[in-house]
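**Q** Once you've had a glance at the structure underneath, I'll fire off some questions.
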Amino acid sequence: MKPDPEEHWRAGLYLRLSKEDETQGRSESIANQQALLQRYAVEQDWEIMDYYIDDGYSGLHFDRPGFQRMLRDIEAGRVNLVLTKDLSRLGRDYIDTGYYLERYFPSRRVRYIALADGIDTFDKRCAQNDMGPFKSVMNDLYAKDISKKVRAVMDAKREAGQFIGAFAPYGYDKDPADKNRLLVDGPAAEVVRGIFSEYLSGDSMAEIARRLNREGILPPSRYKAEIQRLSYVNANAAQGLWRAETIRSILGNPTYAGDVAQGKNEKLSYKLKASRKLPREAWTVVADTHEAIVDRESFQIVQRMLESRGGRKRSKPQAHLLSGLVFCGDCGRPMTFCRRSSGQSFVLICSGYSRYGACNRHTTDEIQLEQLVLGRLRNIAQQILPTQLEKSLIQACGKNGTEIWKQEKAHAQSRDRQIGQILKALYEDRAAQRLEESEFEELVCSYREERKKLRTVLAEEGDESMAKDLPQIKAVHSMLYFEQPDRRLLCQLIDRIAVGDDGTVAISYRFSDPAAKTQNIKPAQAPVRRID
C-alpha cells in the first residue's frame with residue numbers, strides 16, 4: 001500500500017530520552033529529536049498536531065505520560081500519523097513494540113514512521129519495513145545489556161558504601177559536592193533522636209506517632225516536599241500524618257547508626273517495574289560511611305526490642321520494665337503481660353499458652369520478678385565493682401571501653417619503645433665512660449622494672465575483655481544509685497530472662513558475670529509464679 005497523497009496527515013511527533021540515552025550526547029537529546037522531526041514534517045506539508053515528550057523514561061515500559069497522551073489523541077481521532085526519530089524511541093521491548101507496530105496502529109489506520117530506520121508502515125515499497133521486528137529485538141537486547149551494565153555499576157557503588165538512592169533518608173541530606181554521600185539534616189535528625197529515645201524509654205510506636213502529630217511535626221514525605229523542596233511522592237503516606245509503620249521503618253533503619261544499607265529490593269526482570277523485598281541478611285550493608293544520628297549501642301538495643309514480641313507490644317499507659325526480656329523457660333516463647341482482675345497489677349503468662357493453648361501458664365508476678373532480677377543485678381554490681389574500679393569508671397564516663405583499652409595499649413607500646421632507646425643510650429654512655437657504674441646500674445634497673453610492668457600490661461588479655469565490657473559495667477554501677485532503672489538500662493545488661501514451670505528464673509547477661517553468663521535463681525519462698 002502506498003500512502004495516499006490526498007490524505008490529510010495529522011502528525012503526532014513523539015520524542016523520548018531515557019537516563020541511559022543521555023550518555024549518547026546531543027544526537028539523542030530531546031531538542032535534537034524535535035528539530036529533526038519538525039523539519040521533516042514541515043517538508044512533507046503535514047499538520048503537526050502536538051509534540052509528545054517523555055524525558056527520562058525507559059523504553060521498556062509504555063506507561064509513559066507523553067506516550068499515553070498520544071494514544072488518547074489517536075483514540076479521539078486527532079492524530080493519524082506517528083513520527084519518531086527511530087524505532088527505539090517508540091520502545092525497546094520487542095513484544096510491546098511489535099504490538100503497536102503490527103496491531104494497534106494498523107487497526108486504527110495510523111501511519112507510523114521511524115525516520116532514521118527508514119520504516120514507513122503505509123509504504124509497502126519500503127524495504128526497511130520487514131526489518132522492523134528484527135530492529136525491535138536488537139533494541140530489546142540493547143536494553144537488556146544496558147540494564148546489566150547499570151546494575152553492575154550500582155552493585156559496585158553499593159559495595160563501596162556509596163549511597164545511590166534517589167532521596168536521602170529522613171534526617172539526612174545528600175552532599176551537594178558528592179551525591180553518593182549523606183550529611184546530617186539538623187532539624188529532622190533531632191526528631192529521629194527523639195523517636196529512638198522515646199522508644200527506648202518504653203513508648204510504643206503508636207504513642208510516638210500520636211505525639212508527633214499533636215506537635216505538628218511534618219512526617220518524612222511532607223518534610224521532603226515542603227522543607228527540602230524535593231519532588232517526592234509517597235503513595236503510602238497517610239494524609240500527611242505520622243503512622244506507627246513510619247516509626248517502625250525509622251527504628252529499623254541502619255542508616256541512623258552510620259551505616260549504608262541498600263539492596264533491600266530486587267527487580268523481577270529488567271522489563272518489569274515490579275520488585276520483591278529481600279530478607280535483611282541479603283541487604284548490602286557497609287558500616288561507618290557517614291555521621292550517625294543515633295549511637296550504635298542504642299541502635300542495637302532497639303533492634304533487640306523490635307525482634308522481641310514484647311518490643312512490638314500494643315500501646316499501654318506505662319511501659320513494663322522487663323518488657324521484651326522475659327521468655328518461657330520451656331517452649332521459648334515470649335511471656336505476655338496481663339492485667340489482674342483487680343486492675344492494680346500485672347502478671348506474666350506464657351504466650352504459647354494464652355494464644356495457642358500449648359505449654360503451661362507459667363504465671364509470674366511482675367513486681368516479684370522485677371525485685372528478684374534487680375536484686376541479682378545489685379549483687380553482681382557489688383562483686384565486680386571494687387573501690388579501685390570506681391575511679392576508672394568515673395574517668396571513663398562517656399567513653400567506649402574498647403577505645404580506652406586501645407589508647408592504653410598504644411601508650412604502653414610507645415613507652416616500651418622509648419625505654420628501649422633510653423637503655424641503648426645508657427649503654428653507649430657507660431661504654432664511653434660518661435656514667436659511673438653505680439649510676440648506670442641504678443638507671444638500668446629502674447627502666448627494666450618499668451619495662452617489665454609495661455609488657456605485663458600488653459600481655460594481659462583479660463584487661464581487654466574488661467575494657468570491652470566497660471559500657472555494661474558502667475550500667476551496673478549506675479544501678480547502685482538509681483532506685484528505678486529504666487528499660488534501656490536493663491536491655492543493656494540482660495539478654496533474656498527464662499521462667500521455668502517450677503518457678504526457677506534463669507537470667508542470661510550481656511556482660512562477663514564473674515560467676516557465669518547465666519544464673520539460675522530459685523526464690524527462697526514460694527516460686528514467683530505461684531501468686532494466683
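**Q** Mind checking which residues of the stretch 489-508 are closer than 14 Å to Gly375 by Cα, touching a strand residue (DSSP E or B) at 6+ places or on another chain (Cβ under 9 Å) and not in a strand (DSSP E or B)?
**A** Leu493
Conditions (1) touching a residue at least 60 places away in the same chain (Cβ under 8 Å); (2) of a type in the set (A, V, I, L, M, F, W, C); (3) closer than 15 Å to Ile227 by Cβ, marked per residue:
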residue: Ile164; (1), (2), (3): yes, yes, no
residue: Gly202; (1), (2), (3): yes, no, no
residue: Glu207; (1), (2), (3): yes, no, no
residue: Arg211; (1), (2), (3): no, no, no
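**Q** Next question. Out of the residues in the stretch 78-101 meeting the condition of being in contact with a Ser or Thr (Cβ under 8 Å, 6 or more places away or on another chain) and of a type in the set (Gly, Ala, Ser), tell me which one is farthest from Leu15 (Cα to Cα).
**A** Across the stretch 78-101, the extreme among qualifying residues is Gly98.
**Q** Scan the stretch 163-170 and give yes if some residue there is among the hydroxyl-bearing types (Ser, Thr, Tyr), in a loop (DSSP other than H, G, I, E, B) and within 18 Å of the chain's Cα centre (by Cα), otherwise no. Walk me through it before giving the result.
**A** To start, the set of residues in the stretch 163-170 that are among the hydroxyl-bearing types (Ser, Thr, Tyr) comprises 170.
When the remaining residues are screened for being in a loop (DSSP other than H, G, I, E, B), the result is 170.
Still in the running and within 18 Å of the chain's Cα centre (by Cα): 170.
Among the residues of the stretch 163-170, at least one is among the hydroxyl-bearing types (Ser, Thr, Tyr), in a loop (DSSP other than H, G, I, E, B) and within 18 Å of the chain's Cα centre (by Cα), which makes the answer yes.
**Q** Let me ask something else. For the stretch 254-264: of the residues being crowded, with 18+ Cβ neighbours inside 10 Å and assigned to a loop (DSSP other than H, G, I, E, B), which is modelled with the lowest pLDDT?
**A** Restricting attention to the stretch 254-264, the residues satisfying the condition of being crowded, with 18+ Cβ neighbours inside 10 Å are 254-262.
Add one more test, that the residue is assigned to a loop (DSSP other than H, G, I, E, B), and what stays is 258-259.
Working: Gly258: 90, Asp259: 87.
This residue is Asp259.
**Q** Next question, about the same structure. Would a scan of the stretch 212-219 turn up a residue that is surrounded by fewer than 16 Cβ atoms within 10 Å (Cβ to Cβ), over 18 Å from the mean Cα position of the chain (by Cα) and more than 30 Å from Leu489 (Cβ to Cβ)?
**A** yes
**Q** Select the helices (runs of 4 or more DSSP H) contained entirely in the stretch 379-464, then report the ones holding at least 2 residues which are modelled with pLDDT under 60.
**A** Working: elements: 387-395, 401-431, 437-459.
Filter on the stretch 379-464 gives 387-395, 401-431.
**Q** Within the stretch 75-102, track down each residue that is among the polar types (S, T, N, Q) and either outside the structural domain of Gly59 (by TED's automatic domain parsing) or not in a loop (DSSP other than H, G, I, E, B) (or both). If you could, list the steps in order and put the result at the bottom.
**A** Going residue by residue through the stretch 75-102, those that are among the polar types (S, T, N, Q) are 80, 84, 88, 97.
Answer for the stretch 75-102, where residues must be among the polar types (S, T, N, Q) and either outside the structural domain of Gly59 (by TED's automatic domain parsing) or not in a loop (DSSP other than H, G, I, E, B) (or both): Thr84, Ser88, Thr97.
**Q** Looking at Val302, Val285, Val233, Val294, which one is part of a strand (DSSP E or B) and either loosely packed, with under 15 Cβ neighbours inside 10 Å or at pLDDT 65 or above (or both)? Full working, then the answer.
**A** Values: Val302 fails: part of a strand (DSSP E or B); Val233 fails: part of a strand (DSSP E or B); Val294 fails: part of a strand (DSSP E or B).
From the options Val302, Val285, Val233, Val294, the qualifying one is Val285.
**Q** Which members of the stretch 103-120 meet the condition of being in contact (Cβ under 8 Å) with a residue 40 or more places away in the chain and either in a strand (DSSP E or B) or outside the structural domain of Asp73 (by TED's automatic domain parsing) (or both)? Quick ask: steps written out before the conclusion?
**A** At the first step, the residues of the stretch 103-120 found to be in contact (Cβ under 8 Å) with a residue 40 or more places away in the chain are 111, 115, 120.
Scanning the stretch 103-120 gives Arg111, Asp120.
**Q** Could you check how many residues of the stretch 355-369 are crowded, with 16+ Cβ neighbours inside 10 Å and in a helix (DSSP H, G or I)? Step through it out loud before you land on a result.
**A** Restricting attention to the stretch 355-369, the residues satisfying the condition of being crowded, with 16+ Cβ neighbours inside 10 Å are 359, 361-366, 368-369.
Imposing the further condition that a residue be in a helix (DSSP H, G or I) reduces the set to 366, 368-369.
Qualifying residue count for the region: 3.
**Q** Answer yes or no: is there a residue in the stretch 172-184 that is of a type in the set (Phe, Trp, Tyr) and surrounded by fewer than 19 Cβ atoms within 10 Å (Cβ to Cβ).
**A** Kept after step one, since they are of a type in the set (Phe, Trp, Tyr), are these residues of the stretch 172-184: 172.
Going one step further and asking which of them are surrounded by fewer than 19 Cβ atoms within 10 Å (Cβ to Cβ), we end up with none.
The answer is no, given that none of the residues of the stretch 172-184 is of a type in the set (Phe, Trp, Tyr) and surrounded by fewer than 19 Cβ atoms within 10 Å (Cβ to Cβ).
The values are calculated or read from the model by the stated rules, or taken from the named source; none is laboratory data. Nothing here was measured: the structure is a model prediction, and the numbers come from that model. Counting neighbours? That spans all protein chains shown, and the Cβs are built from the backbone with ideal geometry, glycine included.
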